[in-house]
Amino acid sequence: MPASSPKPTKRPSKGADGVLLVDKPAGVSSHDVVSVARRALGEKRIGHGGTLDPFATGLLVLLVGRATRLLQYVNDDPKVYEAVVRFGAETDTEDLLGAVTREAPLPTRDALLAAVPSLIGAISQVPPSYSAKRINGERAYALARAGVEVQLAPVTVQIHALSLSTFEERDGGVAHCVMHVECGGGTYVRSLARDLARAVGSAAHLTALRRHRAGVFHLARAISLEQLQAGGSTNLAPAVDALEGYPHQVLTVEEVVKIGRGIDVEARVEGRFAALLDPASAASAASAGQLVAFGERRTSEQGDRFQPRVVMREPAA
């Protein structure tokens, strides 16, 4: 059974806005991590990009305070994972926590390597029954736990790269290996391992899964759950870090006032969307700039303009 989440210590803070990267441990859910962060930061408005299964570990991207409004614009693809695959048995959850539903002979290394190319690119994947997919408004995992037979439709997912390493062989077949995956959103690595094994007449499930990267965010910058409890606010990055990859435009003082009132401003950088920065903080070489708003380009009689979509400040009095 998954371990319960560590008991958090409340550390109130005011006006916490920004990005927090957490290295999620095994045995806790993504929601557990959010709950710890809410207590540690004294901020209720916390959202995460890309849920991790309870047995999985690694990078969880949290947006805090007003930065939660940027979630839909965050560039968190592709995602990079490392998984340990055990061959010979399939489980109902497709991981080590489930019950064995099918057994099959161990595959050979050559067969596995030959099957890898067929799983790269745009592929059709049936999500696991124990997943957060919805069926008539109900979560698939809730139905599966209640004993309801779950049949999910296949979806198209993008596998950018897939490789295998660290083969552990037994009785002429591969018992375990490490699978390295770079994929687009919506991909289930559990199901990728399942399909790899089925392609070679075997069966498989994951015994470990670790996320190393999500778009512009890297695990190397993440803090542990214990560090978060001890004072994660010191690791809170500015909200503008969530918009890495978008063009940045420095506003004038007058434009900051307009943006705060929802008024569009001149577009001076290329791109459909842009991060709009405070002129004072953006002038500092030590800072990427304080985010005032996130804007979308539109064309008007006045030329190209950035219309604010997410405003990070209260309007000026």
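What follows draws every value from the coordinates through simple rules; no lab data is involved. From a predicted model like this one, the values you see are computed outputs, not experimental measurements. In this analysis, Cβ positions are derived from the backbone assuming ideal geometry, glycine residues included, and neighbour counts consider all displayed protein chains.
What the table shows:
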read-out	value
Residues whose placed amide H lies under 5 Å from that of LEU52, excluding near-sequence neighbours	SER30
Karplus 3J(HN,Hα) series, Hz, for the range 156-168 with 6.51 cos²θ - 1.76 cosθ + 1.60 (x for Gly, Pro)	8, 10, 10, 10, 7, 8, 8, 8, 10, 8, 6, 6, 10
Sites ALA114 and VAL155, calculated FRET efficiency, Cβ-Cβ separation with R0 22 Å, nearest 0.05	0.30
Under 5 Å, built H, 5+ apart or other chain: amide partners of VAL174	THR108, ARG109
In nm, spacing of pseudo-spin labels at ARG198 and SER300 (7 Å Cα→C-beta vector)	5.3 nm
Summed residue charge, Cβ within 11 Å of ALA237's Cβ, Lys/Arg positive, Asp/Glu negative	-2
Centre separation in Å (Cα based) which lies between the range 236-305 and the range 73-98	38 Å
Convex hull volume per residue for the range 5-125, taking Cα atoms only, in Å³	128 Å³
Karplus 3J(HN,Hα) series, Hz, for the range 115-127 with 6.51 cos²θ - 1.76 cosθ + 1.60 (x for Gly, Pro)	7, 4, x, 6, 10, 10, x, 7, 10, 8, 9, 8, x
Hull-based mean projected area of the range 246-311, where the convex hull spans the alpha carbons, in square nanometres	4.0 nm²
J(HN,Hα) series, the range 189-205, from Karplus relation 6.51 cos²θ - 1.76 cosθ + 1.60, nearest Hz, glycine and proline x	5, 4, 6, 5, 5, 4, 6, 4, 5, 4, 5, 10, x, 10, 9, 7, 8
FRET efficiency estimate (nearest 0.05) - Cβ-Cβ, THR166 to GLU103, R0 25 angstrom	0.65
Theoretical FRET efficiency, 1/(1+(r/R0)^6), r = Cβ-Cβ of ALA26 and ARG272, R0 30 Å, to 0.05	0.15
The range 246-311, relative contact order in percent, only Cα pairs under 8 angstrom and at least six apart counted	34 percent
Placed amide H near ALA208: partners under 5 Å, 5+ positions off or other chain	VAL84
